[in-house]
Amino acid sequence: MKYLSRYFKGYLKETILGPLFKLFEASFELLVPIIIARIVDTIIPSDNKVNLVLMIGLLFLFAIVGVIVAITAQYFSSKAAVGYTRQLTSDLFKKIMGLSKEDRDKLTTSSLVTRLTSDTYQIQTGINQFLRLFLRAPIIVFGAIIMAFNISPKMTIDFLVMVAILFMIVFAMSHLLNPIYAKIRRATDKIVNMTRQQLEGVRVIRAFGQVDKEEREFAAGNQDYTDLQLKAGRLSSLVTPLTYLVVNSTLVLVIWQGNLQISNDLLSQGMLIALVNYLLQILTELLKMTMLVTSLNQSFISAKRITEVFEKDSEDLSTELEQMQSEYAVLVKDMSFTYPTAAEPSLSHIDFHLNPGDFLGIIGGTGSGKSTLVELLTHLYTPQEGSLAIFQNHFSPKTLGQWRSWVNVVPQKAELFQGTIRSNLTLGMKGDVSDETLWKALDIAQASDFVSEKEGQLDATVEAFGRNFSGGQRQRLTIARAIVQKAPLLILDDSTSALDYLTESKLLSAIHEQLSDTTLILISQRTNSLKAADKILLLDKGHQLGFASHDDLLANNDLYRDIHYSQHQKGKED
(Lines give C-alpha, C1' and ligand atoms only; values in the text may rest on other atoms or scores of the structure.)
Protein backbone atom coordinates (compact mmCIF):
# COMPACT_ATOMS: atom_id res chain seq x y z
CA MET A 1 0.00 0.00 0.00
CA LYS A 2 3.05 2.27 -0.05
CA TYR A 3 1.99 3.43 -3.51
CA LEU A 4 -1.29 4.80 -2.16
CA SER A 5 -0.19 6.52 1.08
CA ARG A 6 1.79 9.19 -0.78
CA TYR A 7 -1.40 10.84 -2.05
CA PHE A 8 -2.23 12.07 1.46
CA LYS A 9 0.79 14.42 1.43
CA GLY A 10 -1.00 17.14 -0.51
CA TYR A 11 -3.97 16.98 1.87
CA LEU A 12 -2.24 16.69 5.24
CA LYS A 13 -4.05 19.73 6.63
CA GLU A 14 -7.49 18.42 5.64
CA THR A 15 -6.61 14.94 6.91
CA ILE A 16 -5.83 16.40 10.34
CA LEU A 17 -8.60 19.02 10.57
CA GLY A 18 -11.42 16.69 9.49
CA PRO A 19 -11.01 14.20 12.38
CA LEU A 20 -10.12 17.05 14.78
CA PHE A 21 -13.44 18.81 14.23
CA LYS A 22 -15.21 15.48 14.62
CA LEU A 23 -13.41 15.15 17.94
CA PHE A 24 -14.84 18.51 19.03
CA GLU A 25 -18.30 17.34 18.01
CA ALA A 26 -17.90 14.15 20.04
CA SER A 27 -16.81 16.14 23.10
CA PHE A 28 -19.98 18.25 22.98
CA GLU A 29 -22.15 15.16 22.69
CA LEU A 30 -20.53 13.52 25.74
CA LEU A 31 -21.44 16.57 27.88
CA VAL A 32 -25.14 16.50 26.96
CA PRO A 33 -26.19 13.54 29.21
CA ILE A 34 -24.46 15.16 32.23
CA ILE A 35 -26.40 18.40 31.65
CA ILE A 36 -29.66 16.45 31.32
CA ALA A 37 -28.84 14.56 34.55
CA ARG A 38 -28.27 17.85 36.33
CA ILE A 39 -31.58 19.22 35.03
CA VAL A 40 -33.45 16.13 36.28
CA ASP A 41 -31.68 15.76 39.63
CA THR A 42 -31.11 19.39 40.66
CA ILE A 43 -32.83 22.05 38.64
CA ILE A 44 -36.33 20.56 38.21
CA PRO A 45 -36.72 19.55 41.92
CA SER A 46 -35.60 23.04 43.02
CA ASP A 47 -37.99 24.67 40.54
CA ASN A 48 -35.19 27.03 39.45
CA LYS A 49 -36.58 28.35 36.15
CA VAL A 50 -33.60 30.63 35.49
CA ASN A 51 -31.11 27.78 35.65
CA LEU A 52 -33.49 25.60 33.61
CA VAL A 53 -33.58 28.20 30.84
CA LEU A 54 -29.78 28.55 31.01
CA MET A 55 -29.27 24.79 30.75
CA ILE A 56 -31.73 24.51 27.86
CA GLY A 57 -29.96 27.41 26.16
CA LEU A 58 -26.63 25.64 26.72
CA LEU A 59 -28.05 22.49 25.09
CA PHE A 60 -29.17 24.55 22.07
CA LEU A 61 -25.72 26.17 21.91
CA PHE A 62 -24.08 22.75 21.91
CA ALA A 63 -26.44 21.67 19.14
CA ILE A 64 -25.66 24.73 16.97
CA VAL A 65 -21.91 24.48 17.53
CA GLY A 66 -22.12 20.73 16.91
CA VAL A 67 -23.80 21.27 13.53
CA ILE A 68 -21.21 23.86 12.50
CA VAL A 69 -18.35 21.64 13.60
CA ALA A 70 -19.89 18.61 11.86
CA ILE A 71 -20.30 20.50 8.56
CA THR A 72 -16.72 21.78 8.80
CA ALA A 73 -15.43 18.28 9.49
CA GLN A 74 -17.42 16.93 6.54
CA TYR A 75 -15.96 19.63 4.29
CA PHE A 76 -12.35 18.83 5.19
CA SER A 77 -12.93 15.06 5.03
CA SER A 78 -14.62 15.27 1.63
CA LYS A 79 -11.95 17.60 0.28
CA ALA A 80 -9.21 15.21 1.36
CA ALA A 81 -11.04 12.14 0.01
CA VAL A 82 -11.96 13.70 -3.36
CA GLY A 83 -8.52 15.28 -3.81
CA TYR A 84 -6.79 12.02 -2.92
CA THR A 85 -8.92 10.07 -5.38
CA ARG A 86 -8.44 12.65 -8.13
CA GLN A 87 -4.66 12.35 -7.94
CA LEU A 88 -4.84 8.57 -7.56
CA THR A 89 -7.10 8.21 -10.61
CA SER A 90 -4.88 10.49 -12.68
CA ASP A 91 -1.72 8.54 -11.79
CA LEU A 92 -3.48 5.21 -12.24
CA PHE A 93 -4.56 6.24 -15.74
CA LYS A 94 -0.99 7.27 -16.58
CA LYS A 95 0.28 3.98 -15.18
CA ILE A 96 -2.20 1.97 -17.25
CA MET A 97 -1.22 3.87 -20.39
CA GLY A 98 2.43 3.09 -19.65
CA LEU A 99 1.97 -0.65 -19.13
CA SER A 100 3.30 -3.08 -21.66
CA LYS A 101 0.78 -4.85 -23.87
CA GLU A 102 1.56 -8.13 -22.15
CA ASP A 103 0.65 -6.69 -18.73
CA ARG A 104 -2.51 -5.05 -20.09
CA ASP A 105 -3.57 -8.36 -21.62
CA LYS A 106 -2.98 -10.16 -18.31
CA LEU A 107 -5.00 -7.64 -16.31
CA THR A 108 -7.65 -7.36 -19.08
CA THR A 109 -9.22 -4.13 -20.33
CA SER A 110 -12.50 -4.60 -18.44
CA SER A 111 -10.66 -5.11 -15.13
CA LEU A 112 -8.56 -1.99 -15.71
CA VAL A 113 -11.69 0.05 -16.43
CA THR A 114 -13.29 -1.22 -13.20
CA ARG A 115 -10.16 -0.43 -11.19
CA LEU A 116 -9.99 3.06 -12.70
CA THR A 117 -13.63 3.87 -11.92
CA SER A 118 -15.38 1.66 -9.36
CA ASP A 119 -12.35 0.79 -7.23
CA THR A 120 -11.10 4.36 -6.96
CA TYR A 121 -14.62 5.51 -5.98
CA GLN A 122 -14.76 2.80 -3.31
CA ILE A 123 -11.46 4.08 -1.91
CA GLN A 124 -12.83 7.63 -1.90
CA THR A 125 -15.89 6.50 0.08
CA GLY A 126 -13.72 4.60 2.55
CA ILE A 127 -11.38 7.57 3.13
CA ASN A 128 -14.30 9.96 3.62
CA GLN A 129 -15.97 7.73 6.20
CA PHE A 130 -12.67 6.92 7.91
CA LEU A 131 -11.72 10.58 8.41
CA ARG A 132 -15.15 11.33 9.84
CA LEU A 133 -15.43 8.35 12.17
CA PHE A 134 -12.04 6.95 13.12
CA LEU A 135 -11.66 9.49 15.99
CA ARG A 136 -15.30 10.29 16.69
CA ALA A 137 -16.58 6.74 17.15
CA PRO A 138 -13.83 5.51 19.54
CA ILE A 139 -13.89 8.77 21.52
CA ILE A 140 -17.65 8.54 22.05
CA VAL A 141 -17.56 4.79 22.83
CA PHE A 142 -14.68 4.95 25.31
CA GLY A 143 -15.68 8.42 26.50
CA ALA A 144 -19.19 7.15 27.27
CA ILE A 145 -17.68 4.20 29.17
CA ILE A 146 -15.48 6.56 31.21
CA MET A 147 -18.41 8.87 31.94
CA ALA A 148 -20.52 5.85 32.92
CA PHE A 149 -17.72 4.68 35.23
CA ASN A 150 -17.81 8.07 37.00
CA ILE A 151 -21.54 7.64 37.50
CA SER A 152 -21.60 3.93 38.47
CA PRO A 153 -18.46 1.76 38.35
CA LYS A 154 -20.51 -1.38 38.97
CA MET A 155 -22.82 -0.82 35.98
CA THR A 156 -19.88 0.07 33.72
CA ILE A 157 -19.05 -3.65 33.59
CA ASP A 158 -22.26 -4.15 31.56
CA PHE A 159 -21.03 -1.52 29.11
CA LEU A 160 -17.65 -3.22 28.73
CA VAL A 161 -19.21 -6.64 28.16
CA MET A 162 -21.59 -5.15 25.58
CA VAL A 163 -18.77 -3.41 23.68
CA ALA A 164 -16.66 -6.61 23.69
CA ILE A 165 -19.56 -8.68 22.30
CA LEU A 166 -20.27 -6.09 19.60
CA PHE A 167 -16.60 -5.97 18.55
CA MET A 168 -16.65 -9.75 18.23
CA ILE A 169 -19.74 -9.53 16.01
CA VAL A 170 -18.10 -6.91 13.79
CA PHE A 171 -14.88 -8.95 13.54
CA ALA A 172 -16.77 -12.15 12.67
CA MET A 173 -18.86 -10.40 10.01
CA SER A 174 -15.75 -8.81 8.47
CA HIS A 175 -14.09 -12.23 8.30
CA LEU A 176 -17.13 -13.64 6.48
CA LEU A 177 -17.73 -10.67 4.18
CA ASN A 178 -14.20 -9.97 2.90
CA PRO A 179 -14.01 -13.00 0.56
CA ILE A 180 -17.47 -12.20 -0.78
CA TYR A 181 -16.54 -8.59 -1.53
CA ALA A 182 -13.44 -9.82 -3.39
CA LYS A 183 -15.68 -12.08 -5.51
CA ILE A 184 -18.03 -9.14 -6.14
CA ARG A 185 -15.13 -7.10 -7.59
CA ARG A 186 -14.24 -9.97 -9.92
CA ALA A 187 -17.90 -10.37 -10.91
CA THR A 188 -17.99 -6.64 -11.68
CA ASP A 189 -14.97 -7.09 -13.98
CA LYS A 190 -16.82 -9.89 -15.77
CA ILE A 191 -19.99 -7.84 -16.29
CA VAL A 192 -18.01 -4.84 -17.55
CA ASN A 193 -16.18 -7.11 -19.98
CA MET A 194 -19.43 -8.65 -21.28
CA THR A 195 -21.09 -5.25 -21.62
CA ARG A 196 -18.07 -3.83 -23.45
CA GLN A 197 -17.94 -6.74 -25.91
CA GLN A 198 -21.69 -6.69 -26.54
CA LEU A 199 -21.83 -2.94 -27.14
CA GLU A 200 -18.83 -3.02 -29.46
CA GLY A 201 -20.21 -5.98 -31.39
CA VAL A 202 -23.91 -5.08 -31.33
CA ARG A 203 -24.19 -4.94 -35.14
CA VAL A 204 -22.56 -8.34 -35.55
CA ILE A 205 -24.72 -9.80 -32.80
CA ARG A 206 -27.87 -8.58 -34.53
CA ALA A 207 -26.67 -9.61 -37.98
CA PHE A 208 -26.13 -13.20 -36.84
CA GLY A 209 -29.24 -13.39 -34.69
CA GLN A 210 -27.32 -13.83 -31.46
CA VAL A 211 -29.30 -11.30 -29.40
CA ASP A 212 -31.07 -13.98 -27.34
CA LYS A 213 -27.81 -15.84 -26.68
CA GLU A 214 -26.03 -12.67 -25.53
CA GLU A 215 -28.98 -11.75 -23.35
CA ARG A 216 -28.86 -15.18 -21.70
CA GLU A 217 -25.11 -14.90 -21.08
CA PHE A 218 -25.49 -11.42 -19.63
CA ALA A 219 -28.42 -12.55 -17.49
CA ALA A 220 -26.32 -15.44 -16.15
CA GLY A 221 -23.41 -13.15 -15.30
CA ASN A 222 -25.76 -10.59 -13.80
CA GLN A 223 -27.43 -13.31 -11.73
CA ASP A 224 -24.06 -14.41 -10.34
CA TYR A 225 -23.34 -10.81 -9.41
CA THR A 226 -26.80 -10.46 -7.86
CA ASP A 227 -26.38 -13.66 -5.83
CA LEU A 228 -23.09 -12.42 -4.42
CA GLN A 229 -24.58 -9.03 -3.56
CA LEU A 230 -27.58 -10.68 -1.90
CA LYS A 231 -25.31 -13.00 0.07
CA ALA A 232 -23.22 -10.04 1.24
CA GLY A 233 -26.40 -8.06 1.93
CA ARG A 234 -27.92 -10.84 4.04
CA LEU A 235 -24.78 -11.19 6.14
CA SER A 236 -24.26 -7.45 6.57
CA SER A 237 -27.96 -6.97 7.41
CA LEU A 238 -27.49 -9.22 10.46
CA VAL A 239 -25.16 -6.69 12.06
CA THR A 240 -27.83 -4.11 12.87
CA PRO A 241 -30.38 -6.50 14.50
CA LEU A 242 -27.59 -8.27 16.42
CA THR A 243 -26.30 -4.90 17.61
CA TYR A 244 -29.78 -3.82 18.70
CA LEU A 245 -30.28 -7.15 20.44
CA VAL A 246 -27.07 -6.81 22.44
CA VAL A 247 -27.59 -3.11 23.22
CA ASN A 248 -31.27 -3.45 24.14
CA SER A 249 -30.48 -6.45 26.35
CA THR A 250 -27.85 -4.31 28.04
CA LEU A 251 -30.36 -1.45 28.27
CA VAL A 252 -32.88 -3.67 30.05
CA LEU A 253 -30.15 -4.84 32.42
CA VAL A 254 -29.01 -1.24 33.07
CA ILE A 255 -32.57 -0.05 33.79
CA TRP A 256 -33.21 -3.04 36.09
CA GLN A 257 -29.95 -2.54 37.99
CA GLY A 258 -30.46 1.22 38.00
CA ASN A 259 -33.92 0.82 39.52
CA LEU A 260 -32.45 -1.32 42.29
CA GLN A 261 -29.73 1.26 42.97
CA ILE A 262 -32.25 4.12 42.96
CA SER A 263 -34.33 2.18 45.49
CA ASN A 264 -31.22 1.86 47.69
CA ASP A 265 -30.31 5.55 47.19
CA LEU A 266 -27.11 4.54 45.36
CA LEU A 267 -28.11 6.25 42.11
CA SER A 268 -30.30 9.19 41.14
CA GLN A 269 -32.91 9.24 38.39
CA GLY A 270 -30.90 11.79 36.45
CA MET A 271 -27.81 9.62 36.58
CA LEU A 272 -29.81 6.63 35.30
CA ILE A 273 -31.06 8.78 32.39
CA ALA A 274 -27.45 9.79 31.71
CA LEU A 275 -26.41 6.11 31.70
CA VAL A 276 -29.18 5.28 29.22
CA ASN A 277 -28.13 8.20 27.00
CA TYR A 278 -24.51 7.02 27.02
CA LEU A 279 -25.68 3.54 26.17
CA LEU A 280 -27.67 4.86 23.18
CA GLN A 281 -24.68 6.95 22.08
CA ILE A 282 -22.55 3.83 22.11
CA LEU A 283 -25.22 2.04 20.05
CA THR A 284 -25.24 4.80 17.42
CA GLU A 285 -21.46 4.94 17.13
CA LEU A 286 -21.05 1.17 16.98
CA LEU A 287 -23.54 1.03 14.12
CA LYS A 288 -21.49 3.70 12.36
CA MET A 289 -18.32 1.77 13.10
CA THR A 290 -19.89 -1.33 11.58
CA MET A 291 -20.60 0.59 8.38
CA LEU A 292 -17.07 2.01 8.51
CA VAL A 293 -15.51 -1.44 8.86
CA THR A 294 -17.62 -2.73 5.95
CA SER A 295 -16.62 0.23 3.80
CA LEU A 296 -12.95 -0.10 4.79
CA ASN A 297 -12.98 -3.80 3.94
CA GLN A 298 -14.23 -3.02 0.45
CA SER A 299 -11.77 -0.13 0.15
CA PHE A 300 -8.92 -2.40 1.22
CA ILE A 301 -9.86 -4.94 -1.46
CA SER A 302 -10.03 -2.14 -4.05
CA ALA A 303 -6.70 -0.77 -2.84
CA LYS A 304 -5.04 -4.17 -3.33
CA ARG A 305 -6.41 -4.34 -6.88
CA ILE A 306 -5.07 -0.86 -7.66
CA THR A 307 -1.72 -1.61 -5.99
CA GLU A 308 -1.44 -4.64 -8.24
CA VAL A 309 -1.43 -2.24 -11.22
CA PHE A 310 1.11 0.14 -9.66
CA GLU A 311 3.45 -2.77 -8.87
CA LYS A 312 3.70 -3.59 -12.57
CA ASP A 313 6.76 -2.16 -14.27
CA SER A 314 6.01 0.61 -16.75
CA GLU A 315 7.27 0.17 -20.26
CA ASP A 316 10.53 2.08 -20.54
CA LEU A 317 10.89 3.54 -24.03
CA SER A 318 14.50 4.42 -23.28
CA THR A 319 15.39 0.73 -22.94
CA GLU A 320 18.48 0.13 -25.02
CA LEU A 321 18.29 -2.47 -27.77
CA GLU A 322 21.05 -4.50 -29.31
CA GLN A 323 22.22 -2.62 -32.38
CA MET A 324 22.69 -4.38 -35.68
CA GLN A 325 23.88 -3.27 -39.09
CA SER A 326 22.33 -4.37 -42.37
CA GLU A 327 21.31 -3.19 -45.81
CA TYR A 328 17.82 -4.57 -45.29
CA ALA A 329 14.78 -2.65 -44.02
CA VAL A 330 13.29 -5.66 -42.18
CA LEU A 331 15.11 -8.87 -41.28
CA VAL A 332 13.34 -11.87 -39.76
CA LYS A 333 15.36 -15.01 -39.03
CA ASP A 334 13.75 -18.28 -37.92
CA MET A 335 11.38 -16.36 -35.61
CA SER A 336 8.89 -18.11 -33.32
CA PHE A 337 6.51 -16.60 -30.80
CA THR A 338 4.07 -17.97 -28.21
CA TYR A 339 1.67 -15.79 -26.22
CA PRO A 340 2.19 -16.02 -22.43
CA THR A 341 -1.09 -17.86 -21.82
CA ALA A 342 -1.13 -19.89 -25.06
CA ALA A 343 -0.39 -23.61 -25.30
CA GLU A 344 0.96 -23.50 -28.86
CA PRO A 345 3.08 -21.01 -30.82
CA SER A 346 1.24 -18.35 -32.77
CA LEU A 347 4.16 -18.08 -35.18
CA SER A 348 6.72 -20.78 -35.97
CA HIS A 349 10.02 -20.41 -37.84
CA ILE A 350 9.16 -17.30 -39.85
CA ASP A 351 12.01 -16.23 -42.14
CA PHE A 352 12.09 -13.33 -44.65
CA HIS A 353 13.74 -9.99 -45.39
CA LEU A 354 12.72 -6.72 -47.06
CA ASN A 355 14.78 -4.08 -48.81
CA PRO A 356 14.10 -0.36 -48.26
CA GLY A 357 11.08 0.72 -50.32
CA ASP A 358 9.81 -2.85 -50.80
CA PHE A 359 6.10 -3.67 -50.81
CA LEU A 360 5.28 -6.82 -48.81
CA GLY A 361 1.86 -8.39 -48.82
CA ILE A 362 0.74 -10.74 -46.03
CA ILE A 363 -2.19 -13.08 -46.47
CA GLY A 364 -3.61 -16.01 -44.54
CA GLY A 365 -6.73 -17.33 -42.93
CA THR A 366 -8.15 -16.42 -39.55
CA GLY A 367 -5.71 -17.37 -36.80
CA SER A 368 -2.76 -17.63 -39.15
CA GLY A 369 -0.68 -15.13 -37.12
CA LYS A 370 -0.94 -11.99 -39.25
CA SER A 371 -1.83 -9.64 -36.38
CA THR A 372 0.73 -11.36 -34.14
CA LEU A 373 3.42 -10.54 -36.69
CA VAL A 374 2.33 -6.89 -36.63
CA GLU A 375 2.61 -6.83 -32.83
CA LEU A 376 6.14 -8.21 -33.11
CA LEU A 377 7.11 -5.72 -35.81
CA THR A 378 5.96 -2.87 -33.56
CA HIS A 379 7.84 -4.44 -30.62
CA LEU A 380 4.71 -4.82 -28.49
CA TYR A 381 6.00 -8.34 -27.90
CA THR A 382 9.45 -9.89 -28.25
CA PRO A 383 9.93 -13.24 -30.04
CA GLN A 384 11.10 -16.09 -27.84
CA GLU A 385 13.10 -17.75 -30.63
CA GLY A 386 14.96 -16.39 -33.63
CA SER A 387 15.44 -12.70 -34.30
CA LEU A 388 13.58 -9.69 -35.70
CA ALA A 389 15.17 -6.38 -36.65
CA ILE A 390 14.28 -3.24 -38.56
CA PHE A 391 16.76 -0.82 -40.08
CA GLN A 392 17.07 2.76 -41.29
CA ASN A 393 20.21 3.92 -43.06
CA HIS A 394 21.74 0.47 -42.40
CA PHE A 395 21.36 0.72 -38.58
CA SER A 396 18.78 -0.78 -36.25
CA PRO A 397 17.12 1.43 -33.58
CA LYS A 398 19.04 2.18 -30.38
CA THR A 399 16.04 2.25 -28.03
CA LEU A 400 12.53 0.87 -27.81
CA GLY A 401 11.13 4.38 -28.31
CA GLN A 402 13.15 4.82 -31.48
CA TRP A 403 11.93 1.44 -32.75
CA ARG A 404 8.31 2.52 -32.24
CA SER A 405 8.97 5.85 -33.99
CA TRP A 406 10.25 4.00 -37.06
CA VAL A 407 7.05 1.99 -37.47
CA ASN A 408 3.60 3.37 -38.27
CA VAL A 409 0.65 1.00 -38.04
CA VAL A 410 -2.89 1.46 -39.31
CA PRO A 411 -4.90 -1.12 -37.34
CA GLN A 412 -7.73 -3.31 -38.56
CA LYS A 413 -10.28 -1.17 -36.76
CA ALA A 414 -10.02 2.49 -37.76
CA GLU A 415 -9.69 4.50 -34.55
CA LEU A 416 -10.61 8.18 -34.62
CA PHE A 417 -10.90 10.44 -31.59
CA GLN A 418 -13.30 13.23 -30.76
CA GLY A 419 -11.91 16.52 -32.01
CA THR A 420 -11.16 17.74 -35.52
CA ILE A 421 -9.63 16.22 -38.64
CA ARG A 422 -6.49 18.24 -37.93
CA SER A 423 -6.18 16.98 -34.34
CA ASN A 424 -6.61 13.39 -35.51
CA LEU A 425 -4.02 13.72 -38.28
CA THR A 426 -1.44 15.33 -35.97
CA LEU A 427 -2.05 12.90 -33.10
CA GLY A 428 1.25 12.34 -31.28
CA MET A 429 3.12 14.91 -33.36
CA LYS A 430 5.35 17.42 -31.59
CA GLY A 431 5.25 20.96 -32.91
CA ASP A 432 3.07 22.45 -35.63
CA VAL A 433 2.37 20.59 -38.84
CA SER A 434 1.74 22.66 -41.95
CA ASP A 435 -1.54 22.44 -43.83
CA GLU A 436 0.44 21.52 -46.94
CA THR A 437 1.80 18.41 -45.21
CA LEU A 438 -1.68 17.40 -44.04
CA TRP A 439 -3.24 17.86 -47.47
CA LYS A 440 -0.43 15.87 -49.07
CA ALA A 441 -1.09 12.99 -46.67
CA LEU A 442 -4.82 13.22 -47.41
CA ASP A 443 -4.11 13.16 -51.15
CA ILE A 444 -1.98 10.02 -50.84
CA ALA A 445 -4.65 8.37 -48.66
CA GLN A 446 -7.36 9.31 -51.22
CA ALA A 447 -9.18 11.30 -48.52
CA SER A 448 -8.76 14.88 -49.76
CA ASP A 449 -11.97 14.77 -51.80
CA PHE A 450 -14.42 14.22 -48.92
CA VAL A 451 -12.39 16.37 -46.47
CA SER A 452 -12.53 19.35 -48.86
CA GLU A 453 -16.31 18.99 -48.93
CA LYS A 454 -16.57 19.27 -45.16
CA GLU A 455 -17.41 22.59 -43.58
CA GLY A 456 -14.20 23.81 -41.99
CA GLN A 457 -12.20 21.19 -43.92
CA LEU A 458 -9.15 20.39 -41.76
CA ASP A 459 -10.92 21.86 -38.74
CA ALA A 460 -14.14 19.93 -39.41
CA THR A 461 -15.57 18.15 -36.38
CA VAL A 462 -14.82 14.49 -35.76
CA GLU A 463 -17.23 12.82 -33.36
CA ALA A 464 -16.09 10.15 -30.89
CA PHE A 465 -14.92 7.02 -32.75
CA GLY A 466 -15.47 8.91 -36.03
CA ARG A 467 -19.20 8.22 -36.02
CA ASN A 468 -19.85 11.01 -38.52
CA PHE A 469 -17.73 9.27 -41.18
CA SER A 470 -18.30 6.09 -43.16
CA GLY A 471 -16.12 3.03 -42.67
CA GLY A 472 -14.06 3.73 -45.80
CA GLN A 473 -13.60 7.38 -44.84
CA ARG A 474 -12.42 6.42 -41.36
CA GLN A 475 -9.88 4.01 -42.84
CA ARG A 476 -8.52 6.64 -45.23
CA LEU A 477 -8.20 9.19 -42.43
CA THR A 478 -6.26 6.74 -40.25
CA ILE A 479 -3.98 5.93 -43.20
CA ALA A 480 -3.40 9.68 -43.73
CA ARG A 481 -2.55 10.02 -40.02
CA ALA A 482 0.10 7.29 -40.37
CA ILE A 483 1.54 8.94 -43.50
CA VAL A 484 1.91 12.29 -41.70
CA GLN A 485 4.25 10.63 -39.17
CA LYS A 486 6.80 9.84 -41.97
CA ALA A 487 8.19 6.58 -40.58
CA PRO A 488 10.42 4.31 -42.72
CA LEU A 489 8.09 1.32 -42.16
CA LEU A 490 4.35 1.59 -42.83
CA ILE A 491 2.06 -1.31 -41.91
CA LEU A 492 -1.54 -1.43 -43.13
CA ASP A 493 -3.16 -4.17 -41.07
CA ASP A 494 -6.16 -5.05 -43.24
CA SER A 495 -6.97 -1.33 -43.13
CA THR A 496 -8.17 -1.12 -46.75
CA SER A 497 -10.95 -3.68 -46.37
CA ALA A 498 -13.68 -1.03 -46.60
CA LEU A 499 -12.25 0.50 -49.79
CA ASP A 500 -13.31 -0.48 -53.29
CA TYR A 501 -10.64 -1.92 -55.60
CA LEU A 502 -10.21 1.32 -57.57
CA THR A 503 -9.68 3.50 -54.48
CA GLU A 504 -7.35 0.90 -52.97
CA SER A 505 -5.34 0.72 -56.20
CA LYS A 506 -4.98 4.52 -56.31
CA LEU A 507 -3.93 4.52 -52.65
CA LEU A 508 -1.21 1.90 -53.12
CA SER A 509 0.04 3.58 -56.29
CA ALA A 510 0.26 6.94 -54.53
CA ILE A 511 2.22 5.41 -51.64
CA HIS A 512 4.59 3.72 -54.11
CA GLU A 513 5.15 6.89 -56.13
CA GLN A 514 5.26 9.57 -53.43
CA LEU A 515 6.70 7.52 -50.56
CA SER A 516 9.25 5.52 -52.52
CA ASP A 517 11.64 5.29 -49.53
CA THR A 518 8.93 3.87 -47.29
CA THR A 519 8.81 0.11 -46.82
CA LEU A 520 5.15 -0.93 -47.04
CA ILE A 521 3.57 -4.01 -45.46
CA LEU A 522 -0.05 -4.63 -46.41
CA ILE A 523 -2.11 -7.32 -44.67
CA SER A 524 -5.14 -8.23 -46.71
CA GLN A 525 -7.53 -11.08 -47.38
CA ARG A 526 -7.88 -10.04 -51.03
CA THR A 527 -5.32 -11.39 -53.48
CA ASN A 528 -6.17 -8.60 -55.94
CA SER A 529 -4.89 -6.09 -53.36
CA LEU A 530 -1.53 -7.87 -53.24
CA LYS A 531 -0.84 -8.28 -56.95
CA ALA A 532 1.46 -5.26 -57.01
CA ALA A 533 3.46 -6.45 -53.99
CA ASP A 534 7.13 -7.31 -54.52
CA LYS A 535 6.70 -10.32 -52.25
CA ILE A 536 3.75 -12.00 -50.56
CA LEU A 537 4.11 -13.82 -47.23
CA LEU A 538 1.59 -16.65 -46.98
CA LEU A 539 0.77 -17.77 -43.44
CA ASP A 540 -1.32 -20.69 -42.24
CA LYS A 541 -1.82 -21.53 -38.55
CA GLY A 542 1.36 -19.70 -37.65
CA HIS A 543 3.53 -21.36 -40.28
CA GLN A 544 5.14 -19.74 -43.31
CA LEU A 545 3.92 -21.58 -46.40
CA GLY A 546 5.21 -19.18 -49.03
CA PHE A 547 7.27 -16.07 -49.68
CA ALA A 548 7.19 -15.05 -53.34
CA SER A 549 5.46 -12.81 -55.87
CA HIS A 550 1.77 -13.12 -56.72
CA ASP A 551 2.47 -14.90 -60.01
CA ASP A 552 4.94 -17.34 -58.46
CA LEU A 553 2.58 -18.24 -55.62
CA LEU A 554 -0.30 -18.62 -58.03
CA ALA A 555 1.74 -21.00 -60.11
CA ASN A 556 3.40 -23.02 -57.36
CA ASN A 557 1.38 -22.77 -54.13
CA ASP A 558 -1.87 -24.73 -53.79
CA LEU A 559 -3.16 -22.83 -50.75
CA TYR A 560 -2.60 -19.42 -52.34
CA ARG A 561 -4.18 -20.65 -55.56
CA ASP A 562 -7.24 -21.85 -53.63
CA ILE A 563 -7.54 -18.50 -51.85
CA HIS A 564 -7.21 -16.60 -55.13
CA TYR A 565 -9.73 -18.63 -57.10
CA SER A 566 -12.20 -18.70 -54.21
CA GLN A 567 -12.40 -14.90 -54.60
CA HIS A 568 -13.01 -15.01 -58.34
CA GLN A 569 -15.72 -16.69 -60.34
CA LYS A 570 -13.19 -18.53 -62.43
CA GLY A 571 -12.14 -22.11 -62.64
CA LYS A 572 -8.59 -23.17 -62.11
CA GLU A 573 -8.27 -23.74 -65.81
CA ASP A 574 -8.44 -19.98 -66.34
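Quick one: count up the residues across the stretch 33-74 that are under 47 Å from the mean Cα position of the chain (by Cα) and buried (at least 16 other Cβ atoms within 10 Å of the Cβ).
7
Give the residue, chosen from ALA445, ALA460, ALA480, that is more than 21 Å from GLN514 (Cα to Cα), outside the structural domain of ARG203 (by TED's automatic domain parsing) and touching a helix residue (DSSP H, G or I) at 6+ places or on another chain (Cβ under 6 Å).
One residue alone meets the criteria, ALA460.
Limited to the stretch 303-325, what total is found for residues that are among the polar types (S, T, N, Q) and part of a helix (DSSP H, G or I)?
Final tally of qualifying residues: 1.
Suppose the filter is buried (at least 17 other Cβ atoms within 10 Å of the Cβ), assigned by TED's automatic domain parsing to the domain that holds THR250 and over 25 Å from the mean Cα position of the chain (by Cα); does LEU286 pass it?
yes
Hey, ILE521 hits all of (1) touching a residue at least 60 places away in the same chain (Cβ under 8 Å); (2) out of contact with any strand residue (DSSP E or B) (no Cβ under 8 Å at 6 or more places or on another chain) but one; which does it fall short on?
(2)
Take the residues in the stretch 76-110 that are aliphatic (A, V, I, L, M) and in a helix (DSSP H, G or I); name whichever of them is surrounded by the most Cβ atoms within 10 Å (Cβ to Cβ).
Among those that are aliphatic (A, V, I, L, M) and in a helix (DSSP H, G or I), it is ALA80.
Got a sec? Which of ILE123, ILE146, ILE165, ILE169 is over 20 Å from SER236 (Cα atoms) and in a helix (DSSP H, G or I)?
That would be ILE146, the only listed residue that is over 20 Å from SER236 (Cα atoms) and in a helix (DSSP H, G or I).
Please specify each residue of the stretch 118-136 satisfying the condition of being under 12 Å from SER27 (Cα atoms) and surrounded by 22 or more Cβ atoms within 10 Å (Cβ to Cβ).
ARG136
Suppose the filter is modelled with pLDDT under 85, closer than 19 Å to LEU499 by Cβ and touching a Lys or Arg at 6+ places or on another chain (Cβ under 9 Å); does GLU453 pass it?
no
Consider SER314 against the criteria (1) in contact with a helix residue (DSSP H, G or I) (Cβ under 6 Å, 6 or more places away or on another chain); (2) closer than 26 Å to ILE536 by Cβ; (3) among the small types (Gly, Ala, Ser): it satisfies all of them except one. Which criterion is unmet?
(2)
Starting from residues that are among the charged types (D, E, K, R) and within 13 Å of LEU177 (Cβ to Cβ), keep the ones in the stretch 218-252 and report whichever is farthest from the chain's Cα centre (by Cα).
ARG234
Among the residues of the stretch 214-273, how many are modelled with pLDDT of 85 or more and among the polar types (S, T, N, Q)?
Matching residues across the stretch 214-273 total 4.
The values are calculated or read from the model by the stated rules, or taken from the named source; none is laboratory data. None of these values were measured; they are calculated from a predicted model. Note that we place each Cβ from the backbone using ideal geometry, even for glycine, and neighbour counts take in every protein chain shown.
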